[in-house]
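Some notes on the structure that comes next.
The values are calculated or read from the model by the stated rules, or taken from the named source; none is laboratory data. Just so it is clear, the model here is predicted, and its values are computed rather than measured. Here the Cβ positions follow ideal geometry from the backbone for every residue, glycine too, while neighbour counts run over all protein chains shown.
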Amino acid sequence: MRWLRILLAPSLLALLLAGPSFAVAPTLSQAEEARAVAIGSQLRCLVCQNESVEQSSATLAANIRHIIRQQVAAGWTNRQIMHWMTARYGDFIRLDPPFNRLTLLLWVMPVLAPAVGLGIALGASRRRPGPPPPLSDAEKRRLASLLE
Amino acid sequence: MERVGILRRPLLLMPLGAAVVGGIGFVELLMRAEEGRYNPHTVPNLMVGHAVPPFSVGAAPPGTGFSTADLQHLAKPVLVNFFASWCVPCHAEAPLLMQLKAEGVPIWGIDYADTEPALGRFLAADGNPFARLGGDPKGEAAIAWGISGVPESFLIDRSGIIRWHLGDPLSPAIVSAQLIPLVRKYG
């Protein structure tokens with residue numbers, strides 16, 4: 001396996017040397033980094049659309065992570081960063097969509113769907129005919145004669 | 001069981017009705033997708049109608065780069081095209097860009113997440129349709145413009161307002177139906 005090591009060594013070295021240029025540029029404090037991660041976790045990766053920007057390994061997600069860190073380093077508030085993102089990509093980029101006219105149905109559906117179901121069930125049970133009225137004396141006599 | 005209450009019948013028909021409506025909707029989506037009128041992966045871009053965002057792209061030989069200020073006072077509307085040498089649809093749309101160049105539409109290229117040698121090979125193979133060209137190796141310009149992949153194209157009017165965006169490769173049909181009329185309108 002020595003040949004493998006000889007082959008791998010230069011590429012490993014190259015990777016190590018390339019490391020710093022891959023890293024996100026600005027140096028952030030621990031708190032700033034935590035804030036950047038929190039923001040990135042709320043943003044949809046536009047390539048792997050069910051992953052957040054923090055989770056995704058797509059180049060575009062890395063680009064967005066880089067920009068978030070630049071903005072955090074520049075002292076932008078979370079709200080400013082979110083606004084910058086939604087100005088470009090709309091609410092689509094938010095993994096937690098805001099409550100507005102377009103998302104109304106999305107948000108009220110958990111209440112609406114059971115309510116409609118319950119309404120239908122109640123309506124159906126009310127329409128169901130109740131038990132037959134008790135027999136009159138004449139009917140009882142007739143029944144008795146028939147059963148004899 | 002031959003007598004089903006008249007009020008129960010609509011209830012029985014509801015699931016069937018829902019399945020029919022859902023089915024028609026699904027077929028409609030498939031048809032639109034096939035005709036290219038619907039793409040489930042499309043990411044909205046809200047930049048249309050707004051000024052070109054603050055950005056700058058550095059040199060990408062033979063291009064020398066450009067920035068927001070360069071796109072603010074133009075003699076003609078400019079087509080800004082994000083592309084990359086590693087992007088297959090970008091190779092596919094290259095002949096169309098060469099044709100647009102020949103028709104006098106200025107095209108400014110932004111080479112996304114790419115390297116200079118690879119760009120050189122791309123331009124040598126497919127031609128260089130770009131009046132100006134810049135490189136965006138870290139994708140800072142790409143995100144500033146709100147792109148979600150390559151290729152994407154924008155039409156910028158003479159005063160630097162984004163008038164049109166396409167999140168897909170250009171096609172002859174889209175160029176003649178959408179792009180050319182807008183180039184004339186804002187020309």
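When you scan the stretch A:61-148 for helices (runs of 4 or more DSSP H) that lie fully inside it, which ones turn up with 1 or more residues that are under 30 Å from B:LEU13 (Cα atoms) and at pLDDT 95 or above?
Passing ranges, in order: A:104-127.
Can you name the condition, by its number, that B:LEU46 falls short on among (1) touching a residue at least 12 places away in the same chain (Cβ under 8 Å); (2) assigned to a loop (DSSP other than H, G, I, E, B); (3) more than 14 Å from chain A (Cβ to nearest Cβ); (4) under 15 Å from the mean Cα position of the chain (by Cα)?
Of the numbered conditions (1) touching a residue at least 12 places away in the same chain (Cβ under 8 Å); (2) assigned to a loop (DSSP other than H, G, I, E, B); (3) more than 14 Å from chain A (Cβ to nearest Cβ); (4) under 15 Å from the mean Cα position of the chain (by Cα), the odd one out for B:LEU46 is (3).
Given the criterion assigned by TED's automatic domain parsing to the domain that holds B:SER176, modelled with pLDDT of 95 or more, outside any helix (DSSP H, G or I) and farther than 24 Å from A:THR59 by Cα, identify the matching residue among B:PHE130, B:PHE82, B:PHE154.
Sole residue among the options that is assigned by TED's automatic domain parsing to the domain that holds B:SER176, modelled with pLDDT of 95 or more, outside any helix (DSSP H, G or I) and farther than 24 Å from A:THR59 by Cα: B:PHE130.
Would you mind stating whether B:LEU119 is more than 14 Å from every other protein chain (Cβ to nearest Cβ) and crowded, with 21+ Cβ neighbours inside 10 Å?
So B:LEU119 fits the description; yes.
Can you pull out the residues in the stretch A:37-57 that are more than 19 Å from B:PRO40 (Cα to Cα) and of a type outside the set (S, T, N, Q)?
Matches in the stretch A:37-57: A:VAL37, A:ALA38, A:ILE39, A:GLY40, A:VAL53, A:GLU54.
Is it true that some residue in the stretch B:27-34 is surrounded by 17 or more Cβ atoms within 10 Å (Cβ to Cβ), over 18 Å from B:VAL150 (Cα atoms) and more than 14 Å from chain A (Cβ to nearest Cβ)?
No; the residues of the stretch B:27-34 include none that is surrounded by 17 or more Cβ atoms within 10 Å (Cβ to Cβ), over 18 Å from B:VAL150 (Cα atoms) and more than 14 Å from chain A (Cβ to nearest Cβ).
So in the stretch B:87-116, with the set limited to residues that are within 30 Å of A:THR86 (Cβ to Cβ) and touching a residue at least 60 places away in the same chain (Cβ under 8 Å), which one is farthest from the other protein chains (Cβ to nearest Cβ)?
It comes out as B:GLU93.
Just one of the numbered conditions (1) assigned to a loop (DSSP other than H, G, I, E, B); (2) away from chain A (no Cβ under 14 Å) is not true of B:ALA177; which one?
(1)
Any residue in the stretch B:60-78 that's modelled with pLDDT of 95 or more: show its pairings with residues that are crowded, with 17+ Cβ neighbours inside 10 Å and assigned to a helix (DSSP H, G or I) at Cβ separation under 7 Å, as long as the two are six or more apart or on different chains.
Qualifying pairs under 7 Å: B:PRO77/B:VAL183; B:VAL78/B:LEU71.
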